[in-house]
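Enquirer: Could you have a look at this structure, given as structure tokens, before my questions?
The values are calculated or read from the model by the stated rules, or taken from the named source; none is laboratory data. Computed from a predicted structure; not experimentally measured. So basically every Cβ, Gly included, is an ideal-geometry build from the backbone, and we count neighbours across all protein chains shown. All accessible areas refer to the heavy atoms of the entire protein, side chains included, with ligands and DNA or RNA removed. Shrake-Rupley method; radii C 1.70, N 1.55, O 1.52, S 1.80 Å.
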Amino acid sequence: PERLGNLAETAAGANIRALTRHEGGRVHYWRDKKGREVDFLVELPGAPLIGIEIKYRNTFKGSFVDGLVAFAKTTPKAKTILLVPAAVAAQAPVVPDGIVVWAMELFTAGLGLQVALDQEREHPEEGS
């Protein structure tokens, strides 16, 4: 399971970084003095900061959102997203207000599609 989690985080991260670069933004991570962290902080021009935490597990644990909650307290206007497997997202886990739970598979597919469509719009002659 840990290896799948690392692969899922890498795949989602690649899509997040590609779209963020394309939009002129930056991606980094966040960690506080207590060791709570957020996997990806996305900074896009003219948009609120977005904190994204990825947890690729078969069951939901309340501790999955500890980093997002801590981050949200330091940056109240930020948006926060928890990415989990579709089966976990379908269980509608209860999370603190302001945290959005998304199915990782749909998120990464959507980002990948967005990047491909944007590239096609910018360089239509390079398409098939």
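Enquirer: Stretch V94-E37 to full length: gain in nm at 0.36 nm per residue minus the Cα-Cα span?
Expert: Going from the current span to full extension adds 18.5 nm.
Enquirer: Between L106 and L44, what is the label-to-label distance in nm when each label sits 7 Å out along the Cα-to-Cβ direction?
Expert: Each label point lies 7 Å from its Cα, and together they span 1.7 nm.
Enquirer: Ignoring everything but the protein chains, give the 1.4 Å probe accessible area of W102 in square angstrom, nearest 10.
Expert: Probe radius 1.4 Å; accessible area of W102 about 110 Å².
Enquirer: Further question on the same structure: Accessible surface of E53 in the full protein assembly, 1.4 angstrom probe, to the nearest 10 Å²?
Expert: Near enough 10 Å² of accessible area.
Enquirer: What are the equivalent ellipsoid semi-axes of the range 9-50, built from the alpha-carbon gyration tensor (square roots of five times its eigenvalues), in whole angstrom, biggest first?
Expert: 20, 14, 6
Enquirer: Work out the charge dipole of the range 1-68 with +1 on the Cβ of Lys and Arg and -1 on the Cβ of Asp and Glu about the Cα centre, then indicate which of H22, S63, P45 is farthest towards its positive end.
Expert: Comparing the listed Cα positions along the dipole, S63 ranks first.
Enquirer: Please compute the Kirkwood hydrodynamic radius over the range 1-85, one decimal place, Å, based on all pairs of different Cα atoms.
Expert: On the way: mean 1/r = 0.0753 Å⁻¹.
By the Kirkwood definition, the hydrodynamic radius is 13.3 Å.
Enquirer: Now a separate question. For R21 and D66, what is the calculated FRET efficiency with R₀ set at 30 Å and r taken between the beta-carbons, to the nearest 0.05?
Expert: The calculated FRET efficiency here is 0.55.
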